[in-house]
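Take a look at the structure set out below.
The values are calculated or read from the model by the stated rules, or taken from the named source; none is laboratory data. Everything quoted here is computed from the prediction, not taken from an experiment. We place every Cβ from the backbone using ideal geometry, glycine too, and count neighbours over all the protein chains shown.
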Amino acid sequence: MDTFYKAQLPRGVAALVDRIERFAKREIAVEVDDRPRSPTSPNPDSLAARVTPTSATILLRSKDVFPPHDVLHELLHIERLWVEEIPQLVPRHDPKGTRSKIATDIENALEHLIIVPREANYGFDPYPYWNETSRRNWASYPWPALTDPWMRRKACLLGWLTASFLVNDEEVRSHVEECLRKEEEDGPVQLDEAKRFSARIREKLMSKPQAQSTVLRFLEIPTTDFMTVRFKVNHGTIEELRLPSQ
């Protein structure tokens, strides 16, 4: 990592950079992301990471804004993919790009369940961010612009997964539950089903392909539409793994 940025990190986070780069024998890059901000994102200025088997880049919104907590979050994503070789979901065919977005949403939802608690090991309290993010996401419920039943189902299930694992503000979590009770009146998801979903993910979380397959089943997506792959960063290659059947 460029010393201009690395010098701004706390010692423990800088040591994480060193461990990742030493393992991968590759440098983590930092770039400014000039893509348009999403108008629907609850956190439009958040950082991102672009990771392949041969490169990892932390994407900033401004060269002068390099928040250590946010950077740590992206480094933990990179560590999972490069060092721990945790498999990720990708579409088999995606001519319109829609399946890649679905895969990204699923991956973020699952990976955050592991990554976010780890932030405490570096001296950060991870939960206020997710309390506020969930509060913002569900404040506009019933989401009048979201009319597609399947998209509503995905938003409800993945939103509840975040709320049930990463929200420790009881008021926020209770609001999410109340929204799901309203949703079950004429929507595609019931609160009991959402709770079964989060319980099943909790059981399968340590086996990433099984957790991925569980999400696909609850989202009513055939596993044949996707595959799961592992980055072998030392060789710069991708290994395809078996995605358990539903």
- Looking at the range 145-158, which of the residues that are surrounded by 15 or more Cβ atoms within 10 Å (Cβ to Cβ) and in contact (Cβ under 8 Å) with a residue 40 or more places away in the chain is farthest from residue 117 (Cα to Cα)? 153
- Query: In this structure, does residue 17 turn out to be assigned to a helix (DSSP H, G or I), among the β-branched types (Val, Ile, Thr) and either touching a Phe, Trp or Tyr at 6+ places or on another chain (Cβ under 6 Å) or closer than 26 Å to residue 127 by Cβ (or both)?
  - Reply: yes
- Note on the structure: Those residues of the range 224-246 that are in a strand (DSSP E or B) and more than 17 Å from residue 107 (Cβ to Cβ) come to a total of 2
- Note on the range 13-32: residues closer than 10 Å to residue 56 by Cβ and either surrounded by fewer than 19 Cβ atoms within 10 Å (Cβ to Cβ) or in the same structural domain as residue 115 (by TED's automatic domain parsing) (or both) are 21, 26, 27, 29
- What's the number of the condition residue 62 fails, among (1) part of a loop (DSSP other than H, G, I, E, B); (2) more than 25 Å from residue 214 (Cα to Cα); (3) in the same structural domain as residue 146 (by TED's automatic domain parsing)? (3)
- Message: Go through (1) part of a loop (DSSP other than H, G, I, E, B); (2) out of contact with any Lys or Arg (no Cβ under 8 Å at 6 or more places or on another chain); (3) closer than 30 Å to residue 217 by Cα for residue 85 and report which single condition fails.
- Response: (2)
- The residue that is surrounded by the fewest Cβ atoms within 10 Å (Cβ to Cβ), considering only those in the range 159-209 that are without any contact (Cβ under 8 Å) to a residue 40 or more places away in the chain and under 18 Å from residue 118 (Cα atoms), is 206
- Message: Based on this model, can you work out whether residue 78 counts as outside the structural domain of residue 25 (by TED's automatic domain parsing), crowded, with 18+ Cβ neighbours inside 10 Å, of a type in the set (A, V, I, L, M, F, W, C) and on the phi < 0 side of the Ramachandran plot?
- Response: no
- Give the residue, chosen from 215, 189, 172, that is part of a helix (DSSP H, G or I), within 21 Å of residue 156 (Cα to Cα) and over 19 Å from the mean Cα position of the chain (by Cα). 172
- Query: Just a yes or no: is a residue in the range 95-111 part of a helix (DSSP H, G or I), in contact (Cβ under 8 Å) with a residue 12 or more places away in the chain and surrounded by fewer than 17 Cβ atoms within 10 Å (Cβ to Cβ)?
  - Reply: yes
